[in-house]
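First up is the structure itself, then whatever we jot down about it.
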Amino acid sequence: MDLLLDIASAVLLLTGGFLVFVGGVGVMRMPEFFTRMHAASVTDTGGAALILAGLMLQGGLTLVPLKLAAIFLFLFLTSPTASYALANAALLSGVATACRNQTGKQLPEDRMDPPSAPNSENSLAAEAPAPKTVARKSAKKAAPKRPTKKAAKKPAKKSAKKAARKKS
Amino acid sequence: MEWVYFGTCIAILITMVLAVVRGLMGPTIFDRVLAVNMFGTKTVLFIAVMSFLSGRPDFLDLALAYALINFIGVFAVLLFFQSRGVRREAEAEREAGK
Amino acid sequence: MTLYDQLPALVVAVLLFTAPIAYMLRLHGFPWVVATAGVVTSFAVACSLAATVIGGETIIYEMGGWPAPYGIVLSIDALSALIAMLITGASSAGLIFGYKSLADEVGEEIAPAFFAAWLLCTAGLVGMVVSGDAFNIFVFMEISSLSTYVLISAGPDRRALISTYRYIVMGTVGATFYLIGVGFLYMVTGTLNTADLAARVGQVEDIRLLLVAAGFVSVGLAVKAAIFPLHSWMPNAYTFAPNAVTVFIAAASTKVSLYVLMRVDYAIFQNSISNHDVQLTFFLVPLGVLALFSGSMLAIYEKNLKRLLAYSSVAQIGYIALGISMTSVAGLTGAIVHMFNHGLIKGGMFMAVACLAIRYRTVNVANLAGAGRAMPWTMAAFVIGGLGLIGVPLTPGFISKWYLVLAALGQGWLGALLVAIILFSSLLAVIYVWKVIEVAYFREPRSNAVPVTEEAPLVMLIPTWIVVLAGIWIALDTSMTVGLASVGAKILLGVAL
Amino acid sequence: MITIVFSLFLLTMLVIVAVAILRTDNLFTAVMLSGIFSLIMAANFFILDAADVALTEAVIGAGISTVLFLSALALTAEYDRSPPVGTWVPLLTSSALGGVIIFATFQAPRLGDPNAIVHKHVAPWYLERTPELIDVPNVVTAVLASFRGYDTLGEVFVVFIACIGVMSLLGRVRPRRDSIEEGEFEKRSDNLRHHLIPRVVGKMLVPFIVLFGLYVQFHGDFGPGGGFQAGALIAAGVILYALVEGGPRGRELVPEWFSSMLVALGALTYTAVGVVSMMRGGRFLDYSALSHDPIHGQHMGILIIEAGVGMTVAGVMITIFHAFSRRGIR
Amino acid sequence: MEVLGLYNYFVFAVLLMVGLYCILARTNIIKSLIGLTIFQAAVFLLYISMDKIDGGTAPIILEGVEDQVFANPLPQVLILTAIVVGISTTALALAVTVRIKEAYGTIEEDKIQEMDRET
């Protein structure tokens, strides 16, 4: 019986681990903020659910599975809220315009004006001039040379490294 | 079962490293906040799996406390950003007024 | 367990018990009453403790009833009783004296917080002195430092804030250095109790960690004691703090770190590291001499009276450092007596300065022209204090200089050089004291300055004169101070009583 | 062996984040990275078998410290405008310091080596005698509360002074100088009310966070937990409510006078336990004098002083947060 | 294998260097305070790496298990105290920083020194 449990939890744990790893790679590889956000938040919740479920099977009938269920419930509630709130704050601060230039095409929902709070356009745009201009420059360089996925990855990574060096 | 926990821990650790790299490199500030949020959830999972690896499953309260603190941290960042726009206007008015 | 056996714990517990009460009851003037009551009781307990230990024995009080190396232990001997008396005495004098001057400088709104911080500063300092556990000294060092930051930041001038910030950074770095030193000591001996440390440090074979631990502890305490190169936080902190606070911290706070340096160096490192006394003299003598000269020179050219006295404190701490570096009974006695006498003299002088400040609304030496005639009693107290700094006979300064010179003569040619340096720096002290006297007595008050006619309020003048007369009394009858100091020195050096 | 690999991994990340904090110009980024720094430090402590310290470092280091730094940043500048001052002297002093330590630690006992002196002298006595003297599973809580209870008393007063200091510095409400009047600023920025989802989820979780804080408080004897962590967790719950609902509503939930009274009461409780044990004939803070059976007395003593510590830490963190948030741009 | 045992102490030394350098080199007040927290956090690492014992677990005694090797509880108690001392100092320093910003208008130490030298 417990061999079955072991196998089930092993499967759950390893898939959870892989999902979490995919999230990490996604955060590194995605070109701009909102897609990174997407990669991180989906795998956050998914990976956590699988790993915690795998551990629950191992917990036996003690208090441990109950604690794991509490953690799972808490993560299940808070991590999407946190991601939503972060994305909303980013949208409010005008990150969307910066991202549109990076991906080079007009995102349809870009024109959606944010809810009642004033779109304090000046805050991030004015506040972080360096990254935006750098983003635009690297976007122009990255955009034309985009025939293969790997090629896009190399300049994006190089410009990102340049941005980091310029920033620090 | 030992190596299963070990494998998951390695996967979580590598994701933590990727999150920290994104935190250090991230061009915009929101990337860094994203990195912190992601790092927080990964620490929760790391503690949960580590407590099973080290055979002391009664340390799961730590994992819950971590998740809770991470959640409050993101809200503090949110409020900081929101009041920043208004503060910048107040700063501009004060300069104009002077 | 009669009340008499509980005294060692009571000296700290009374202060810790009254602090929340002073903070909670916010009626007008009530926090000051609670604070004064707490501090005066603690002073009485400290005096009775001094009376019991003057014979030379050490009171061991186990906290929580747990035996020595496992629980925390308070150990009180002649040296710690003398310093505890100095701290609680200076604190009660500062509080009683400060009723009017604090009401003038510190608003009514923050009075509960201020007086609770005052109580806890005294508790922290006394806790450090009576504690017999290395980490416990760190905890009470943090209590006293944090409450000193709060007291200084209550100063009226905006520069009090920036000097508080600098003091926070230097004080925390110093305390963390001490913590690292204690960490290394714990790593090689496995215990935190000072007596147990002293016993087990001898058997440690890898000397390198011990040397580094001694280095970290000494540097950390040197920062807290404002010994020469690390004293840059002190002048601004003393100058911009409220006057009554300067009276208290000038008299007591740096002396406690010097006490801990003395106890850690002599009790723990002396008998373990082979030529530690040579290392101590190599480390402390140059710093002491540099402190003497730089403190006196800076005081001569200083315009602000409070900063002038702060620089003179740097010089006087140089004397104490010289006394500590001479590892002989006479040298240590001189250092301990000077810690007590200097606390008394400097407390009296800062009280006089506070009296001047409340009438002249400024502490700039130039603006105090003609103060000798306008406020005769205050200036008389200041002059007696100044003579004490120089070391004129019949003043407490003379006693401690006498013992320092006595000890220096015993050190051969280095001693002769030290005697010359001590005498020369006394001459420098004459210059900067004379500068103030000359302005106060022999110069007409400036025409545009507001004319000051009446004397300082009586409620401030009486405590000032009590402290000055106490100074003169211990200069004449030295049985109490020198008695406790020589017994303390013998205990530290392990010499038979 | 496994944990050594993990601790090496995490320690390297720790150094990388520390260097990144040093090099970044944007203060907000530095605060974010110091949040990550605390989380890595807490994970490290967990691997080095220090569960209580990991919980404290996470709750206080990553939680309260980040919130405090952010509210201070909101009131001051956000960019480190100054170029680094002459870098020779700092570089020299810090590398001298590092060199001395590395030189000294070659003789230090290796990580985890069982015959280090530290494991031989005082520690075994605690581990053997705690079940017999105090009979509390969590030896750290036993040592913290009873064997070295005087240290923790000093600790409670350090936190008490932090509250006093912040109240005396920021207690006086600032004269209003700028143009945005009260109501309008409130509506626009001081809360997350117009964010529907965060508001609902945040307010829904506040009671569970406070409940978890109380669980950690009373579970302190059996598992990782105790007064400090519980106080910080309860304060975190109240801070979450204040973040979501805005400062004034937060101050209605836990009014200013109540939290500072809580602080004074907690410190007073702890000292009162010491004084009562003195009155009943024991030494200061000797809990076995509190009741006829010594072990029962120890349990009662530890419970009361942990409650005192929890009250004080919760009151202090709430008071400090309210002092900072009330000081906003008014 | 030998350097693995000392790795904790090397990280402790490096973190001290980073913290002290940040305090001394950067004139921004809040940056120095963050440097101060790193400086204190390094000391926590020194103490806690002393308490690890091979094959030991956290010092929470479970009834059932016999001959359990436990980590040393003493450094953990000391560090619990030191962490709360650190946060109290940071909170007080941040309150002073806010008052400095209101009094001087800036939190750069060199600018504040110039303003002081003028008056």
Stokes-Einstein D for the range C:348-400 (10 °C, 1.306 mPa s, Kirkwood Rh from Cα pairs), in µm²/s, comes to 137 µm²/s
Here Rg/Rh (Cα, Kirkwood) for the range C:282-497 equals 1.02
Comparing D:Ile164, D:Ile197, D:Ile318 in a Gaussian network model of chain D (Cα, 10 Å), the one with the largest mean-square fluctuation is D:Ile197
Per GNM of chain D with C-alpha springs under 10 angstrom, the most fluctuating residue out of D:Pro137, D:Pro198, D:Pro224 is D:Pro198
Here the Cα Rg-to-2.2 N^0.38 Å ratio for the range A:2-92 is 1.25
Contact order relative to length for the range D:117-330, counting C-alpha pairs under 8 Å separated by 6 or more residues, stands in percent at 29 percent
The distance between the Cα centres of the range E:103-119 and the range D:137-152, in whole Å, is 46 Å
Relative contact order of the range C:148-262 (C-alpha contacts under 8 Å, at least 6 apart) in percent is 37 percent
Scalar couplings 3J(HN,Hα) for the range A:9-22 by Karplus 6.51 cos²θ - 1.76 cosθ + 1.60 (θ = phi - 60°), nearest whole Hz, x for Gly and Pro, are 5, 4, 4, 4, 4, 5, 5, x, x, 4, 4, 4, 5, 4
Expected integer from the mean partner chain Cβ neighbour count at 10 Å over E:107-119 is 3
1/(1 + (r/R0)^6) with r = Cβ-Cβ of D:Trp257 and D:Asp293, R0 = 60 Å, i.e. FRET efficiency to nearest 0.05, evaluates to 0.90
Inter-part gap, Cα centre of the range D:31-82 to Cα centre of the range C:69-109, in whole angstrom, is 35 Å
Between the alpha carbon centres of the range C:10-65 and the range D:91-121 the gap in Å comes to 40 Å
With +1 on the Cβ of every Lys and Arg and -1 on the Cβ of every Asp and Glu, the dipole magnitude of the protein assembly as shown about its Cα centre, in debye rounded to the nearest 20, is 5020 debye
The simple spin-label model distance between C:Ala44 and D:Thr93, using points 7 Å out along Cα→Cβ, in nm, is 4.7 nm
Of the listed links C:Lys224/D:Lys120; C:Lys224/C:Lys306; C:Lys255/C:Lys303; C:Lys100/E:Lys111; C:Lys224/C:Lys401, those spanning more than 30 angstrom between alpha carbons are C:Lys224/D:Lys120; C:Lys100/E:Lys111
Pseudo-spin-label distance E:Ala103 to E:Thr119, built 7 Å along Cα→Cβ, given in nm, is 0.8 nm
Dividing the alpha-carbon radius of gyration of chain C by 2.2 N^0.38 Å, where N counts its residues, gives 0.93
Taking Cα pairs closer than 8 Å and at least 6 residues apart, the relative contact order of chain C in percent is 15 percent
The answer for C:Asp133, listing residues at least 5 apart or on another chain whose modeled amide H is closer than 5 Å to its amide H, is C:Val73, C:Thr194
Kirkwood-based Rg/Rh on the Cα set of the range C:86-134 evaluates to 1.07
Projected convex hull area of chain E, Cα atoms, direction-averaged, in nm², equals 10.1 nm²
So for R0 = 22 Å, FRET eff. of A:Ile7-A:Thr62 from the Cβ-Cβ r, to 0.05, ends up at 0.55
Expressed to one decimal in nm², the mean projection of the alpha carbon convex hull of the range B:2-97 is 7.3 nm²
The ³J(HN,Hα) series, computed from each phi in the range D:262-269 with the Karplus coefficients 6.51, -1.76 and 1.60 at θ = phi - 60°, rounded to the nearest Hz and given as x for glycine or proline, is 4, 4, 5, 5, x, 4, 5, 4
Under the helix-only model (-39500 (n - 2.57) for each DSSP H run of 4 or more, divided by the residues of chain C), the mean residue ellipticity at 222 nm, to 500 deg cm²/dmol, is -25500 deg cm²/dmol
At R0 = 41 Å the Cβ-Cβ FRET efficiency linking C:Leu458 and C:Leu27, nearest 0.05, sits at 0.95
In whole Hz, the Karplus estimates of ³J(HN,Hα) for the range C:318-329 (6.51, -1.76, 1.60; θ = phi - 60°; x where Gly or Pro) are x, 4, 4, 4, 4, x, 5, 6, 7, 6, 10, 4
Volume per residue (Å³) of the convex hull spanned by the alpha carbons of the protein assembly as shown is 166 Å³
The answer for D:Gly112, listing residues at least 5 apart or on another chain whose modeled amide H is closer than 5 Å to its amide H, is E:Lys52
Per-residue average of other protein chain Cβ atoms inside 10 Å, peptide D:9-16 -> 6
For C:Arg443, other-chain or 5+-apart residues with amide H closer than 5 Å (H placed, Pro excluded) are C:Gly370
Counting other chain Cβ atoms within 10 Å of each Cβ in D:285-297 and taking the mean gives 2
Cα pairs beyond 32 Å in chain D, in percent, come to 42 percent
Distance in nm between D:Tyr79 and C:Arg443 label points, each 7 Å along Cα→Cβ, equals 4.8 nm
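Read-outs throughout are calculated quantities, based only on the coordinates presented, and are distinct from any laboratory measurement. Quick caveat, the model's predicted, so the values are computed rather than measured. All Cβ positions, even for glycine, are placed from backbone atoms using ideal geometry, and neighbour counts span all protein chains on display.
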